[in-house]
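Working notes for the structure below.
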Amino acid sequence: LQNQLMHADRLATIGQLAAGVAHELNEPLSSILGFAQLLQRNAALPDGGRKDIEKIVTASLHAREIIKKLLLFARQTPTFRGPVNLNQVIVGAIDLFRHHFEKEGIELACALCPEMPLLAGDAGQLTQVLVNLVVNAVQAMPDGGRLLVRTEVHDGHVICIVEDTGMGMTEEVQNRLFLPFFTTKEVNQGTGLGLPVVHGIVTAHGGTVEVASAPGAGTTFTIRLPIEPTPYWEDRPES
Ligand code: ADP
């Protein structure tokens, strides 16, 4: 427990620092992007110059995406508190990737618990959690494979399990998974913010994230989210 607390504390500190830097960077970045886009509209621009400016715009948009993820990671409390059906969140997130699965030779299997209690949570943020896990799973299976998404309900918790048959990871990688900017991917493939965002959102919902993996043996992420005994929407009298 001591270890977990220290880890959580360190994450929170890094998060605050990262959010501060992200805010500071936002302003100069907006200028770069704004002026580059203005230049793009300049009809007198030679073709060579136009290509260079396009690169500035693309790189700025990429940087803005990183900043957005950082701010999301640093935010420790959910914006909305439900009601959310996690099965619907999963189906919504998976729908974003359907064409991708086919293209990448990934077989998708869903085993969703038919009796899903509503959670007090932020549907948008929980969608982000699923998207980040699915993106990682897809990237871990470059030669195709099987993605299994399951939900279960027990002990007052909704449990979501995302399992892939991909490359898996060493213990060393597993120990650093939730640290911001930790990535084993190429520059344009990963920012190292996917799992810190997952951790931040799940923790803000009072839940936990666990990983089980071994090199060559695939990876399983397990997310546990507590069900509130009397959520606010059941408290209110019918009108
Ligand atoms: P990113 O995906 O941008 O690298 P993440 O925080 O999402 O950042 O993941 C950090 C690292 O964890 C990845 O670079 C990868 O090495 C490892 N990882 C995450 N998910 C998986 C997975 N499903 N299979 C194998 N490795 C994974």
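The values are calculated or read from the model by the stated rules, or taken from the named source; none is laboratory data. As the structure is a computational prediction, the values presented were derived from the model and not from experiment. Note that each Cβ is placed from the backbone with ideal geometry, even for glycine, and that neighbours are counted across all protein chains shown.
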State which residue is farthest from Gly82 (Cα to Cα) when the search covers only segment 183-214 and only residues that are of a type in the set (Gly, Ala, Ser) and not in a loop (DSSP other than H, G, I, E, B). Ser213
Pairs, please: C-beta under 8 Å, at least 6 apart or cross-chain, first residue within 23 Å of Pro231 (Cα to Cα) and modelled with pLDDT under 90 and in segment 80-96, second part of a loop (DSSP other than H, G, I, E, B) and among the aliphatic types (A, V, I, L, M)? Arg81/Ala120; Gly82/Leu118; Gly82/Ala120
Just to verify a result, which residue in segment 118-139, among those that are of a type outside the set (Val, Ile, Thr) and within 15 Å of the ligand (Cβ to nearest atom), is surrounded by the most Cβ atoms within 10 Å (Cβ to Cβ)? Ala137
Pro180 fails exactly one of (1) assigned to a loop (DSSP other than H, G, I, E, B); (2) away from the ligand (no atom under 12 Å from the Cβ), namely (2)
Would you confirm, using the coordinates I've provided, whether Val153 is of a type in the set (A, V, I, L, M), over 16 Å from the mean Cα position of the chain (by Cα), buried (at least 16 other Cβ atoms within 10 Å of the Cβ) and closer than 24 Å to Ala93 by Cα? no
Selection over segment 92-105 where residues are surrounded by 18 or more Cβ atoms within 10 Å (Cβ to Cβ) and in a loop (DSSP other than H, G, I, E, B) yields a count of 1
Go through (1) part of a helix (DSSP H, G or I); (2) in contact with a strand residue (DSSP E or B) (Cβ under 7 Å, 6 or more places away or on another chain); (3) hydrophobic (A, V, I, L, M, F, W, C) for Leu108 and report which single condition fails. (1)
Of residues in segment 183-210 being hydrophobic (A, V, I, L, M, F, W, C) and buried (at least 16 other Cβ atoms within 10 Å of the Cβ), the one nearest to the ligand (Cβ to nearest atom): Leu195
Only one of (1) near the ligand (Cβ under 8 Å from one of its atoms); (2) within 14 Å of the chain's Cα centre (by Cα); (3) at negative phi is not met by Met167, so which one is it? (2)
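Quick grid of which residues meet (1) out of contact with any Asp or Glu (no Cβ under 9 Å at 6 or more places or on another chain); (2) at pLDDT below 90:
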{"site": "Ala137", "(1), (2)": "no, no"}
{"site": "Glu152", "(1), (2)": "yes, no"}
{"site": "Glu163", "(1), (2)": "yes, no"}
{"site": "Val173", "(1), (2)": "yes, no"}
{"site": "Pro180", "(1), (2)": "yes, yes"}
{"site": "Val187", "(1), (2)": "yes, yes"}
{"site": "Gly190", "(1), (2)": "yes, yes"}
{"site": "Gly194", "(1), (2)": "yes, yes"}
{"site": "Thr203", "(1), (2)": "yes, yes"}
Being assigned to a helix (DSSP H, G or I), within 29 Å of Glu102 (Cβ to Cβ) and free of Cβ contacts under 8 Å to residues at least 60 places away in the same chain is the filter here, so list the residues in segment 137-177 that pass it. Val138, Gln139, Val173
Test set (1) of a type outside the set (Val, Ile, Thr); (2) part of a loop (DSSP other than H, G, I, E, B); (3) within 26 Å of Leu72 (Cβ to Cβ) - Pro114 fails condition number: (3)
Among the residues listed as Leu70, Leu25, Leu61, Leu45, the single one being modelled with pLDDT of 90 or more and among the hydrophobic types (A, V, I, L, M, F, W, C): Leu61
Residue pairs meeting the criteria (Cβ under 9 Å; at least 6 apart or on separate chains; first free of Cβ contacts under 8 Å to residues at least 24 places away in the same chain, in segment 48-60; second small (Gly, Ala, Ser)): Ile53/Ala36; Glu54/Ala36
When Gly144 is run through (1) at positive phi; (2) within 12 Å of the ligand (Cβ to nearest atom), the failure sits at (2)
Residues located in segment 41-61, provided they are of a type in the set (Gly, Ala, Ser) and within 18 Å of Asn26 (Cβ to Cβ): Ala59, Ser60
